[in-house]
Amino acid sequence: MSEWRLYEVFVRSKHGLNHKHVGSVHAADNEMAMENARELYTRRNEGVSIWVVPSETITASASDEKEILFDPSEDKVYRHASFYKLPDEVGHM
Amino acid sequence: MYAQMVDTGTKRLKTLEEMSPEERDFQEKVDAETKIEAKNWMPEGYRKTLVRQISQHAHSEIVGMLPEGNWVTRAPTLKRKLQLMAKIQDEAGHGLYLYSSMETLGADRDAEIQKLHDGKAKYSSIFNYPTLNWADMGAVGWLVDGAAIVNQVVLQRTSYGPYSRAMVRICKEESFHQRQGYQILLDMMREGTQEQKDMVQDAINRLWWPALMMFGPHDDESPNSQQSMVWKIKRKSNDELRQMFIDQTVPQLEFLGCTAPDPDLKWNEETGHYDFGPINWKEFYDVLKGNGPCNRERIDTRRKAIDDGTWVRDAAVAYAAKKQQRAAA
């Protein structure tokens, strides 16, 4: 319900994998957010671990910042292994 | 389809030249199949249409629990009862996935639910029909969830990211619903008494046409479809989806050993599709306007659920505050 806080839910699907955002729930407190997330997002072995985070505490990049944030990485081809051509004789590196 | 006749607020489609630079940018993204996310710029009409469609879809999931809830205490065996409860819980989950994706558009869940309770928001016409015998649970799972699947599989490719992801999740769970429904009918037809077999045919007779109406009016009677298709909120037209559903369902119907209440239903060698008879659109619009057999009952039940649950929500808030106080002390 809207009078309750909104939480974002992250689920680790298997041991060894990272948590992934799956959606959100409303809850009166953290504990209830966890219970609601479990009921809503893991009814069929979807996960082994859940994080719930109050939505208002997340700082997100804005869509109009996309160029400022991500363009600089595009012109640095030398950061990729494929930039460095090696003779075939060297073999796999 | 769980969302019927969603108003897009557009009378005429704009050409790329007529659009503002932002709008053009947006449309080109959509055309290139790039998903639109909550923080991206979007035309106000797109946002409003999505809120209408997703909330209507969510309301349908929630109201859709009611005809099935009717049979929880009447299920013939414990196994069937457990299956039915699992299905109903899924519907609640689907409603919540959808409300959650709707909220990313800045809409308020309580406000949208209030619109439903005030009769200002729609939900699928199908849930205004009663579930009169146990075979209805089979027919609802098979036909109603089957029709929903046809629609929702296509909606996985809808242009709005959060809606599309909710659809992916829902589709994964939905096929259990359809299979459990079909199996109920199959068991009744294979092992049932004549009376039970008659129940199956009776359920199909009553739900066949309403299931076909779920896809909404014919394409030429569906003024909002065009804009929704350009925005790629909708990916296939009402008639296309309806035909897909009929084509896949008739062989299953024949396998059951049942018939559809449509004398015109027959395979057309030339088109490679089934032909079918005229749909009673007057009935469809009547139900949509609130005059179906169960409209009032459904909304009354929803209102009562919210009202009767007030104390639970109040208690949860009070308890959360108390816990916080204790932790601070």
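Derivation of every value follows stated rules applied to the coordinates shown; laboratory data play no part. Keep in mind it's a predicted model, so treat the numbers as computed, not measured. In this analysis, Cβ positions are derived from the backbone assuming ideal geometry, glycine residues included, and neighbour counts consider all displayed protein chains.
I want the local charge near B:Gly119. Using Cβ-Cβ distances under 14 Å, sum +1 for each Lys or Arg and -1 for each Asp or Glu among the other residues. Once all neighbours under 14 Å are counted, the net charge is +4.
A simple count of charges around B:Val6, restricted to other residues whose Cβ falls under 9 Å of its Cβ and scoring Lys, Arg +1 and Asp, Glu -1, yields +2. Between B:Thr73 and B:Lys172, the C-beta separation translates, for a Förster distance of 25 Å, into a calculated FRET efficiency of about 0.30.
What FRET efficiency would be calculated for the residue pair B:Lys266, B:Ala305, taking the C-beta separation as r and a Förster radius of 45 Å, to the nearest 0.05? Write out the running numbers ahead of the final one.
Details: r = 44 Å, r/R0 = 0.98.
In this case the efficiency is close to 0.55.
Excluding same-chain neighbours fewer than eight residues apart, the lysines reachable from B:Lys120 by a Cα-Cα span under 17 Å are B:Lys48, B:Lys289. Per-residue 3J(HN,Hα) values for the stretch B:253-269, derived from phi via the Karplus relation 6.51 cos²θ - 1.76 cosθ + 1.60 with θ = phi - 60°, read 5, 5, 4, 5, x, 10, 10, 8, x, 9, x, 8, 6, 7, 5, 10, 4 Hz in sequence order (x marks Gly and Pro).
Using the count of nearby Cβ atoms within 10 Å as a rough guide to exposure, how do A:Val52, A:Val9, B:Val30 rank from fewest to most?
Details: A:Val52 22, A:Val9 25, B:Val30 19.
Lowest count first: B:Val30, A:Val52, A:Val9.
Using a Förster radius of 22 Å, what is the FRET efficiency between A:Ala62 and B:Glu33 based on their Cβ-Cβ separation? Nearest 0.05, please. Once rounded, the FRET efficiency stands at 0.45.
With Cα atoms defining each centre, the stretch B:17-81 and the stretch A:24-38 are spaced 23 Å apart in the structure. Spacing of the modelled spin labels on B:Arg12 and B:Lys322, each 7 Å from Cα toward Cβ, amounts to 6.4 nm.
Going through the stretch B:102-150, which chymotrypsin sites (Phe, Trp or Tyr not before Pro) have at most 10 other Cβ atoms within 10 Å and a DSSP loop state? Provide the component values of the computation, followed by the final result.
On the way: sites: B:Tyr123, B:Phe127, B:Trp134, B:Trp142; in loops: B:Tyr123, B:Trp134.
Of the chymotrypsin sites (Phe, Trp or Tyr not before Pro), not one in the loops of the stretch B:102-150 has a Cβ with at most 10 other Cβ atoms within 10 Å.
In terms of other Cβ atoms within 10 Å, A:Lys76, B:Lys122, B:Lys48 run from fewest to most in the order A:Lys76, B:Lys48, B:Lys122.
List B:Ile184, B:Ile279 from most exposed to least, where exposure is judged by having the fewest other Cβ atoms within 10 Å.
Details: B:Ile184 26, B:Ile279 17.
The fewest-first ordering by Cβ neighbours comes to B:Ile279, B:Ile184.
Taking a Cβ cut-off of under 14 Å around B:Asn238, the surrounding Lys, Arg, Asp and Glu residues balance to a net charge of -1, with basic ones at +1 and acidic ones at -1.
Between A:Arg44 and B:Asp314, the simple spin-label model (points 7 angstrom out along Cα→Cβ) gives 3.9 nm. Loop-located GluC sites (Glu not before Pro) in the stretch B:223-329 (DSSP state not H, G, I, E or B) with no more than 14 neighbouring Cβ atoms inside 10 Å: B:Glu269, B:Glu270. Close amide H pairs (under 5 Å, H built 1.01 Å from N) link B:Ser222 with no residue at least 5 positions away or on another chain.
Across the stretch B:179-193, computed HN-Hα scalar couplings (Karplus, 6.51 cos²θ - 1.76 cosθ + 1.60, θ = phi - 60°) run 5, 5, x, 5, 5, 4, 5, 4, 4, 5, 6, 7, 10, x, 6 Hz from first to last residue, x flagging Gly and Pro. Taking θ as phi - 60° and the Karplus parameters 6.51, -1.76 and 1.60, the scalar couplings of the stretch B:312-322 work out to 5, 5, 4, 4, 4, 5, 4, 5, 4, 5, 4 Hz in sequence order, x denoting glycine and proline. Only helices enter the 222 nm calculation for chain B: every DSSP H run of n ≥ 4 contributes -39,500 (n - 2.57), and dividing by all residues gives -20000 deg cm²/dmol, rounded to 500.
The angle between the Cα long axis of helix A:30-41 and the main principal axis of chain A comes to about 70°, on a 0 to 90 degree scale.
Run the dipole for the protein assembly as shown about the Cα centre, Lys and Arg Cβ at +1, Asp and Glu Cβ at -1, nothing else charged, and hand back the magnitude in debye, nearest 20. Don't skip to the end; give the middle numbers.
On the way: 55 positive and 64 negative charges, 262 e Å.
Dipole about the Cα centre, nearest 20: 1260 debye.
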